[in-house]
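The values are calculated or read from the model by the stated rules, or taken from the named source; none is laboratory data. These numbers come from a predicted model, not from an experiment. Note: ideal-geometry Cβ built from the backbone for every residue, glycine included; neighbour counts use all protein chains shown. Accessible surface is based on the protein model in full, side chains and every heavy atom, while ligands, DNA and RNA are left aside. Shrake-Rupley method; radii C 1.70, N 1.55, O 1.52, S 1.80 Å.
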Amino acid sequence: MRRRTTGWLVSACAAVIVAGGAVTYAVADGDGGPNDLTVPAAESADAGFARDMAVHHQQAVEMAYIVRDRTKDEEVRRLAYDIAQTQANQRGMLLGWLDLWELPKVSAKPPMAWMGMADAPAGEDGALMPGMATDTQLEALRSASGKQAEVMFLRLMIAHHKGGVHMAEGCVRRCEVGAERRLARGMVASQQSEIDLMTGMLKERGAKP
């Protein structure tokens, strides 16, 4: 049963990656043809989401590669590999859009200001946005192994995905580029599915989120 579930997830995420190529093309065409390039403003929700989610995704990729080397459990290793590949692909798309739009990849404004969260407390210990792991937590993950590393990774990634879902939902509401909104909706669906899967994996290991 566990193999079937993880296999389904890998197939689903592979479909997201394939769809991602079409999304990139759509943005290049502005969703309306080769002469209709949609270029958002530098401080728009579209640009803010692209910048912030690229940073958010980078940490997920990092955590996935850490746990891959800290456990021999094939289910966790497959999930980690899938997360790393999917989010690295999406991160490349987001940064590619910023290049396409000729917009800076960093902003002087605080993270998630495009969501109306400029007044939120600054992240501590490297956790720049909601759901992100702290530097201390990442170091603990690097030091763990076996079941301890699996449980730690699943807990951290569930929290990370919840933060990602919150941000993607913000783009669905605020972004103006249609293809970017579609990508954000896909992120919400896929990451929520992974949250459900990881919650079940934690229960199998006698742990709670």
Magnitude of the charge dipole, segment 53-149, Cβ model with Lys/Arg +1 and Asp/Glu -1, debye to 20: 240 debye
Could you name the lysines whose alpha carbon sits less than 29 Å from that of Lys203, not counting residues in the same chain fewer than 8 places away? Lys72, Lys147, Lys162
Please identify every one of the GluC sites (Glu not before Pro) in segment 83-151 that sits in a loop by DSSP and has no more than 14 other beta carbons within 10 Å of its own beta carbon. Glu102, Glu124
Express the carbon and sulfur contribution to the solvent-accessible surface of segment 137-196 as a percent, rounded to the nearest whole number, probe 1.4 angstrom. 46 percent
How large is the translational diffusion coefficient of segment 75-209 in µm² per second when you combine the Kirkwood radius over alpha carbon pairs with Stokes-Einstein at 37 °C and 0.692 mPa s? 201 µm²/s
Whole-Å semi-axes of segment 70-130's equivalent ellipsoid, largest first, each the root of 5 times a Cα gyration tensor eigenvalue? 29, 20, 8
Note down the nm distance, to one decimal, between modelled labels 7 Å out along Cα→Cβ at His166 and at Leu95. 2.6 nm
Summing +1 per Lys or Arg and -1 per Asp or Glu among the other residues with Cβ less than 9 Å from Ser44's Cβ gives -2
Once both label points are put 7 Å beyond Cα along the C-beta direction, the Glu62-Ser143 separation in nm becomes 1.7 nm
